[in-house]
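Written out below as structure tokens is the structure these notes cover.
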Amino acid sequence: MTLAWTDAPGSTAGAAYCNDLDLEVTAGGTIYKGNVFSGAYSVEGGLADAKNNLESVSLPPAPRAV
């Protein structure tokens, strides 16, 4: 899952960030925050990404029901 947005130009003095959208995905009762990875996959916990306008959560494939 990926969230991307265009941010308006910010201030040239101090923090230039205008919008802080934070991706959260809930799967199996676990909350995953955007851009919190260990290797190729997202991990539980961590801090929300306050700087990037592109955030992703990557989960391993779910087991197939037989």
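Filter region 1-17 for residues that are under 17 Å from the mean Cα position of the chain (by Cα) and not acidic (Asp, Glu) and give the result.
Met1, Thr2, Leu3, Ala4, Trp5, Thr6, Tyr17, listed by residue number.
Go through region 5-40 residue by residue and tally those that are assigned to a strand (DSSP E or B) and open to solvent by 70 Å² or more (accessible area, probe 1.4 Å).
Of the residues in that region, 5 qualify.
Pairs only if they're at least six apart or on different chains, beta carbon under 6 angstrom, first in region 3-24 and on the phi < 0 side of the Ramachandran plot, second open to solvent by less than 60 Å² (accessible area, probe 1.4 Å) and outside any loop (DSSP other than H, G, I, E, B); list them, first residue then second.
Leu3/Glu55; Leu23/Leu3; Leu23/Gly34; Leu23/Glu55; Glu24/Lys33
Filter region 44-66 for residues that are loosely packed, with under 13 Cβ neighbours inside 10 Å and over 13 Å from Met1 (Cα atoms) and give the result.
Glu44, Gly45, Leu47, Ala50, Lys51, Ala62, Pro63, Arg64, Ala65, Val66
The values are calculated or read from the model by the stated rules, or taken from the named source; none is laboratory data. Bear in mind that the values here come from a model prediction, so they are computed numbers and not experimental data. Glycine gets a Cβ as well: all are built from the backbone with ideal geometry, and neighbour counts include every protein chain shown. With ligands, DNA and RNA removed, areas are computed over all heavy atoms of the protein, side chains included. Shrake-Rupley method; radii C 1.70, N 1.55, O 1.52, S 1.80 Å.
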